[in-house]
Amino acid sequence: MRIIKHLKDALYRYDCVTLPGFGAFLIQPSPIRIDRVSGQFYPPQKSVSFNALLVHNDGVLANFIAQREKVSYEKALAWIESDLASWNKRLPTEMILLPGIGELTQNAAEKLQFHPYGKINFDWNATGLQTFRRTPTASVAVVRPKLTEKKPIMETTKKEPLAFTPEKPEEKKPNYLKYAAIGIIAVAVLGSSYYFGDQYLTNERIKSTELAQKQIEKNVQEATFDLGALSNLELNINAEVENTNSVYNSGEVYYSVIAGSFREQGNAERKLAQLQSEGFDAAFAEVNPEGLYRVAYGRFKTKREAFKLLSFVKYTLEEEGWYLAENE
């Protein structure tokens, strides 16, 4: 099957490879790791994961197959659609094996599940690097010189009684304040570790979502949407011309959830009116560098609000949308 033949090679070159209408394979990088307890060294690597919600055709795999097989883009896309149709028929009863990548199965709820093998590192820069353990060097024994007993400088032959009686050393009482201070410090360290650990996990989730959205943004920015031919209307309206350039390039930092990009401003305005009629606080976003008009479901001052709306649009409404940071 042509997809299986070329999919693994494509994952070495691209961080996101989408199977149209099926899902997308994403490459997640991880840095060098060192286990200081066991002495284990792990090289940098890139692992593969699967997202069944990213089904928009970005053209990456079709272009890759077309170049390898020296055929047209349309023919390569037809091969992909044929293979995916065969996969959909086989998945309810059997497993799809992807050599070197993993396995695709379908659960009782008819949801796709991906089980990566994890044996291949898709990072070209780490080719040939293997995990290894550093063995500690043998410890060198330190020989300490024996101390000779020194005789006292002044020595008397007569055992004369001492003129004073030495005092007995005072018994030290346990310092409870010291133990209480140590306990308070330990509680503070554990509390801060939990807080910063939770904050770190939240930031990592946001970074992963931004990575996937930026990859989709690269493929969607140049797309245009054809709303079909519209009949000509003749209207006699006297209105002042309003300069709308500031609407698209405000210069302020916004985090937007984009619903679509349009070549014609009229089509963008119709999409804006549609979203507003559906209850969204829709607005025009920053104009695409190539002159496309972007229409957003909403524009926000914080990333958290934007991701909250994006999750609602993609997973609740099951509509297309992507994240954009404007003037950041």
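Residue check: is L310 assigned to a helix (DSSP H, G or I) and touching a residue at least 60 places away in the same chain (Cβ under 8 Å)? Step through it out loud before you land on a result.
Values: assigned to a helix (DSSP H, G or I): yes; touching a residue at least 60 places away in the same chain (Cβ under 8 Å): yes.
Criteria met by L310.
State which residue pairs qualify: first residue free of Cβ contacts under 8 Å to residues at least 12 places away in the same chain and inside region 61-73, second residue in a helix (DSSP H, G or I) and not charged (D, E, K, R) in any location, beta carbons under 6 Å apart, and separation of 6 or more residues or different chains.
Qualifying pairs under 6 Å: A66/Y73; A66/A76.
Mind listing whichever residues of region 276-295 are within 29 Å of the chain's Cα centre (by Cα) and not in a loop (DSSP other than H, G, I, E, B)?
Scanning region 276-295 gives A283, F284, Y293, R294, V295.
Could you check region 71-110 and list, in sequence order, the residues that are within 12 Å of L19 (Cβ to Cβ) and aliphatic (A, V, I, L, M)?
Across region 71-110, the qualifying residues are L77, I80, L84, A85, I96, L98, L104.
Tell me, which residue of region 35-47 that is surrounded by 13 or more Cβ atoms within 10 Å (Cβ to Cβ) and among the hydroxyl-bearing types (S, T, Y) is modelled with the highest pLDDT? So that I can check it myself, show each step before the final result.
To start, the set of residues in region 35-47 that are surrounded by 13 or more Cβ atoms within 10 Å (Cβ to Cβ) comprises 40-47.
Those left that are additionally among the hydroxyl-bearing types (S, T, Y): 42, 47.
Details: Y42: 71, S47: 85.
If we take residues in region 35-47 being surrounded by 13 or more Cβ atoms within 10 Å (Cβ to Cβ) and among the hydroxyl-bearing types (S, T, Y), then S47 is modelled with the highest pLDDT.
Please determine whether any residue of region 73-96 is under 23 Å from K314 (Cβ atoms), of a type in the set (S, T, N, Q) and more than 25 Å from the chain's Cα centre (by Cα).
yes
Quick one: which strands (runs of 3 or more DSSP E) lie wholly within region 1-67 and hold at least 1 residues that are within 21 Å of H115 (Cβ to Cβ)? Working first, answer last.
Values: elements: 16-19, 23-30, 33-35, 40-42, 45-51.
Per the criteria, 16-19, 23-30, 45-51.
Given the residues I27, I3, I80, I32, which is the only one that is under 24 Å from E204 (Cβ atoms) and surrounded by 13 or more Cβ atoms within 10 Å (Cβ to Cβ)? Even if it seems obvious, please write down each step before you answer.
Values: I3 fails: under 24 Å from E204 (Cβ atoms); I80 fails: under 24 Å from E204 (Cβ atoms); I32 fails: surrounded by 13 or more Cβ atoms within 10 Å (Cβ to Cβ).
Every option except I27 fails the conditions.
Out of the residues in region 6-24 meeting the condition of being more than 21 Å from K111 (Cβ to Cβ) and hydroxyl-bearing (S, T, Y), tell me which one is surrounded by the fewest Cβ atoms within 10 Å (Cβ to Cβ).
In this case the residue turns out to be Y12.
The values are calculated or read from the model by the stated rules, or taken from the named source; none is laboratory data. All of these numbers come straight from a predicted model, not from anything done at the bench. When we count neighbours, we look across all protein chains shown, and the Cβ atoms used for this are built from the backbone with ideal geometry, even at glycine.
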